[in-house]
Amino acid sequence: MRQAVEEETASDAAPGPLLSPKQVRAVYGFSEQTLANWRWAGTGPDYIKTSPGRGGRIRYKRSAVDEWLEAHTVSGGAAA
């Protein structure tokens, strides 16, 4: 049973064309609540909402998260 859980966890975090907030957490370490806060504030990485309304599923393109991280990278010695 342990192996099945490990395989499920590994496949959940596997890179793909679209990542759920849970997968973003597994790959990048941002909590799902942090991602939700960023979406609300309009400050986080671009995302896709697959259906309208509060229950719409959220997905992130891995490239969008990578681009957002690159844009927010501060060079050493630069004032933050």
Rounded to the nearest 10 Å², the 1.4 Å probe accessible area of Asp46 is 120
Taking K and R as +1 and D and E as -1, what net charge do the other residues with C-beta under 13 Å from the C-beta of Thr73 add up to?
-3
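Please give the contour-minus-distance gain from Lys49 to Lys61: 0.36 nm per residue of separation, less the Cα-Cα distance, rounded to one decimal in nm.
Taking Lys49 through Lys61 to full extension adds about 3.2 nm, to one decimal.
The values are calculated or read from the model by the stated rules, or taken from the named source; none is laboratory data. Predicted model only: the values in this text are computed from it and were never measured. Note: ideal-geometry Cβ built from the backbone for every residue, glycine included; neighbour counts use all protein chains shown. These area figures cover heavy atoms from the full protein model, side chains too; ligands, DNA and RNA do not enter into them. Shrake-Rupley method; radii C 1.70, N 1.55, O 1.52, S 1.80 Å.
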